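Take a look at the structure below.
The values are calculated or read from the model by the stated rules, or taken from the named source; none is laboratory data. The structure presented is a predicted model; accordingly, all values stated were derived computationally and were not measured. So basically every Cβ, Gly included, is an ideal-geometry build from the backbone, and we count neighbours across all protein chains shown.
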Amino acid sequence: MFLNNLFGDSERLNRLVDIAQSSFWPLAKGALTFSITLAAVSFVIGLFLAILTALARLSKSKAFRGLARAYVSIIRGTPLLVQLFIIFYGLPSIGITIPPFPSAVIGFSLSVGAYGSEIVRAAILSISKGQWEAAYSLGMSYRLALQRIILPQAARVSVPPLANSFISLVKDTSLAAGILVTEMFRKAQEITASTYEPLLVYSEAALIYWLISLVLSTIQDRIEHRLDRYVSR
């Protein structure tokens, strides 16, 4: 009974196969052209924000620490979808209109910056004070010690959680469909509206997301394995 409801007769089965074949490339193209591109651009910008925010959190300046805490608290305390809607739908009410794709980049970058800053901050704090003392004993300034000694070591520590954040970001790009970005999930919505086969099309989109995650996870494992070679046992 379940299979009959799912596939119906042979004519319906053939139709489902045709839809699956015709929709796969548009969905994959949406993933490659927009979803992955959106995630990559947002992650690079967000990582830069994360480093600046982490350093501000560790700064001796109360003003910098306060601003960084407020930024992280606001972004982490509000839903990402709401942030995207504020940027794309809310800002035009005060005369600021941003196209869909840049709006998504801004929203995702701010999110990566807030969450990533905690990862970077924790990685910096994990470096022993002896590393700082050794750098200072060599005559290095705070900035030079941070650049040449601390951040390279912190980068290795932060790779696994940051890689996980990027994989999550690729999946979170589906939220950009809500602000009219034609990424993969938006394509799935459009195809569903014309074929009336939501189970098939959304399952196909889920499969593509899963395959992308598998590829990224494999790359992450190889990067971690390579970095482990430089760790003394």
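Some notes on this structure:
- From the list ILE51, ILE45, the lone residue that is hydrophobic (A, V, I, L, M, F, W, C), outside any loop (DSSP other than H, G, I, E, B) and at pLDDT 95 or above is ILE45.
- Top-ranked residue of the stretch 69-88 - restricted to ones that are in a helix (DSSP H, G or I) and among the polar types (S, T, N, Q), ranked as nearest to ALA56 (Cα to Cα): SER73
- Breaking point among (1) touching a Phe, Trp or Tyr at 6+ places or on another chain (Cβ under 9 Å); (2) at pLDDT below 95; (3) farther than 24 Å from ILE191 by Cβ, for LEU16: (3)
- Taken together, the residues in the stretch 164-222 that are assigned to a helix (DSSP H, G or I), touching a Gly at 6+ places or on another chain (Cβ under 8 Å) and of a type in the set (S, T, N, Q) amount to 1.
Residue-wise test of (1) over 12 Å from the mean Cα position of the chain (by Cα); (2) surrounded by 19 or more Cβ atoms within 10 Å (Cβ to Cβ).
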site	(1), (2)
SER165	no, yes
THR173	no, yes
LEU180	yes, no
PHE185	yes, yes
GLU190	yes, no
SER194	yes, no
LEU199	yes, no
TYR202	yes, no
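- Residue ranges of helices (runs of 4 or more DSSP H) in the stretch 99-156 with at least 3 members more than 17 Å from the chain's Cα centre (by Cα), modelled with pLDDT of 85 or more and closer than 20 Å to LEU49 by Cα: 100-125
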